[in-house]
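Input: a single structure, listed below in structure tokens.
Just so it is clear, none of the values below were taken in a lab; they were calculated from the coordinates. Just so we're clear, the structure is a prediction, and the values are computed from it rather than from any experiment. Note that each Cβ is placed from the backbone with ideal geometry, even for glycine, and that neighbours are counted across all protein chains shown.
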Amino acid sequence: MLPSCNTCPVYGNDFGIETPDDGGLLRQVEAAEEELRHAAGRGLGAPLADTDLQEYFDRVVGADQKIEPRDWMPEAYRRTLIRQIAQHAHSEIIGMQPEGNWISRAPSLKRKAILLAKVQDEAGHGLYLYAAAETLGISRDELVDLLLAGKQKYSSIFNYPTLTWADVGAIGWLVDGAAIVNQVPLCRCSYGPYARAMIRVCKEESFHQRQGYEILHTLSHGTEAQKAMAQDAINRWWYPSLAMFGPPDTDSTHSAKSMAWKIKRFSNDELRQRFVDMCVGQAEILGLTLPDPGLRFNEERQSYDFTQPDYDELMRVIAGEGPCNRQRIDHRRAAHAEGAWVREAAAAYAAKQHQRLEVAA
Amino acid sequence: MSRQQWPLWEVFVRARRGLSHTHVGSLHAPDAELALRNARDLYTRRQEGVSIWVVPATAITASSPDEKDAFFDPAADKVYRHPTFYEVPEGVAHL
């Protein structure tokens with residue numbers, strides 16, 4: 001993958017950078033969507049009464065067709081998907097906090113409106129994903145409870161603080177960029193509702209990445225202090241973003257099975273490498289430096305060599321010792337508790353209307 | 001935590017005039033009016049539609065894949081329902 005902008009095909013370029021359209025990630029999302037439409041055409045036939053369920057499941061997955069909610073599926077497949085989709089949904093919901101932190105302090109009305117729209121998108125992504133998880137037989141309330149009780153995880157990246165306005169740019173460019181690289185292959189996931197949700201998410205996510213890049217580009221072409229602020233944000237977000245791809249392949253616990261089930265298509269290290277290769281050129285155009293003295297192009301591999309993130313730190317943050325773990329979950333608990341009266345009032349109103357209708361009938 | 005979960009609604013969106021409504025996903029809402037408003041905010045933030053239907057998920061009756069074989073079988077042996085079944089003599093136009 002060449003360092004290119006993923007968003008060119010859908011959004012106009014308003015800051016004067018030539019970004020060649022050479023098969024960016026959005027193309028891959030569209031290809032996945034197209035594939036989804038065509039997969040059904042490869043006739044597999046319905047399972048006959050005496051077809052072994054496991055065998056039929058394997059055949060559907062093997063033919064790159066989609067498993068749908070009411071199909072038979074192995075229990076471990078269902079559990080793996082619930083865990084992964086829920087964790088993904090929780091990440092979108094918790095992910096609103098670091099950026100929400102800057103809505104009231106955005107430097108202009110335009111930036112504020114954009115940031116509001118972006119944070120609203122994150123909520124939307126969380127809801128698409130919760131809905132996909134619910135098709136596997138778990139309820140929304142259970143999912144919310146598992147998050148609030150700390151029994152299901154969210155992405156460790158959101159446990160880092162947003163200290164300056166430039167962090168909003170760095171999150172858009174690096175964090176959303178890494179998320180897109182991670183998520184584009186999920187558009188081809190074997191579970192239909194998840195694949196469909198991911199197509200929606202990826203299409204919207206590309207606006208996020210681009211708005212972050214634009215913030216950094218503006219700052220890096222501003223005053224010295226603004227440029228320094230942008231550099232500082234990149235220095236702090238680079239390694240945590242690399243860590244978003246998870247532990248190295250040698251230590252990854254869920255990979256092999258998920259690959260066989262076609263839930264996952266590429267390994268953590270493959271995706272991390274793809275992300276690094278994309279970012280180098282983009283950083284150059286920003287005029288900013290990726291904080292890695294070991295970063296250099298490897299002619300033999302036609303890829304960049306880079307310093308791995310600190311995986312011990314990743315494990316500590318996942319275990320709850322990141323800078324903001326407590327704050328994030330406390331905030332979510334408080335927001336949920338403070339919203340209880342709204343949910344109750346709406347339910348009471350609905351019940352009352354329903355009663356009136358019944359009396360009238 | 002005891003509470004009553006809001007019911008699930010299935011959302012159908014008409015993308016443009018002339019197209020049929022297509023299922024886009026689902027959401028929770030206490031009643032139909034809020035389901036519509038939530039559907040607008042959730043599924044049409046980028047002008048994806050000109051019309052929305054919301055249907056309580058419990059009101060949908062589905063053919064289960066388990067019955068798929070028997071259920072759709074009657075259609076399988078009626079190839080004569082397709083125009084390609086018929087042989088058209090050479091030279092026949094507008095058929």
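Quick look at the values:
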| quantity | calculated |
| --- | --- |
| Length added when fully stretched, A:Glu224-A:Asp141, from 0.36 nm per residue minus Cα-Cα | 25.0 nm |
| A:Ala149 versus A:Asp64: modelled label distance in nm, points set 7 Å from Cα along the beta carbon direction | 4.1 nm |
| Nearby lysines by direct alpha-carbon distance to A:Lys151 (threshold 21 angstrom, same-chain neighbours under 8 apart not counted) | none |
| Fully extended contour minus Cα-Cα distance, from A:Arg301 to A:Ala351, at 0.36 nm per residue | 11.6 nm |
| Mean separation of Cα contacts under 8 Å, 6 or more apart, over the residue count of chain A: relative contact order % | 19 percent |
| Gyration tensor verdict on segment B:8-81 (Cα atoms; rounded if a/c is under 1.5, prolate if a/b is larger than b/c, oblate otherwise) | oblate |
| Extension reserve of the B:Ala59-B:Leu36 stretch, reckoned as 0.36 nm per residue once the Cα distance is removed | 6.7 nm |
| Formal net charge of residues neighbouring A:His336 (Cβ-Cβ distance under 10 Å; K, R +1; D, E -1) | +1 |
| Built amide H within the under 5 Å cut-off of A:Ser303, gap 5+ | A:Asn298 |
| Kyte-Doolittle at least -1.0, axis length at least 15 Å by Cα - qualifying DSSP helices, chain A | A:25-39, A:75-94, A:109-134, A:192-220, A:224-243, A:268-286, A:340-360 |
| Phi to ³J(HN,Hα) by Karplus 6.51 cos²θ - 1.76 cosθ + 1.60 over segment B:42-48, Hz, x for Gly, Pro | 8, 10, 10, 5, 10, 6, 6 |
| Listed residues A:Ser220, A:Ser252, A:Ser108, most fluctuating in chain A (Gaussian network, C-alpha, under 10 Å) | A:Ser108 |
| Residues whose placed amide H lies under 5 Å from that of A:Ile67, excluding near-sequence neighbours | A:Tyr191, A:Gly192 |
| Ordering of A:112-119, A:334-341 by burial proxy (mean other Cβ atoms within 10 Å per residue, highest first) | A:112-119, A:334-341 |
| Set of lysines near B:Lys78 by C-alpha distance (under 30 Å), chain-local residues within fewer than 8 positions excluded | A:Lys66, B:Lys68 |
| Ordering of A:25-31, B:24-30, A:206-212 by packing [mean C-beta count within 10 Å, highest first] | A:206-212, B:24-30, A:25-31 |
| Partner chain coverage, peptide A:114-121 - average Cβ within 10 angstrom | 1 |
| Ellipticity estimate at 222 nm from DSSP helix runs (n ≥ 4, -39,500 (n - 2.57)) divided over chain A, nearest 500 | -19000 deg cm²/dmol |
| Mean Cβ neighbour count within 10 Å, used as a protection proxy, ranking A:166-178, A:52-64 highest first | A:166-178, A:52-64 |
| Sum of -39500 (n - 2.57) over DSSP H runs of 4+, divided by residues of chain B (222 nm, nearest 500) | -6500 deg cm²/dmol |
| Per-residue mean of C-beta atoms belonging to partner chains within 10 Å, peptide A:345-354 | 4 |
| Table column - 3J(HN,Hα) (Hz), segment B:14-31, Karplus curve with 6.51, -1.76, 1.60, x for Gly and Pro | 8, 5, 8, 4, x, 9, 7, 5, 10, 5, 10, x, 9, 7, 9, 7, x, 8 |
| Label-point gap, in nm, between B:Leu19 and A:Ile103 - each point 7 angstrom along Cα→Cβ | 3.0 nm |
| Averaged over A:190-196, number of beta-carbon atoms from partner chains that fall within 10 Å | 1 |
| P(r) tail fraction, the protein assembly as shown - alpha-carbon pairs more than 39 Å apart, % | 28 percent |
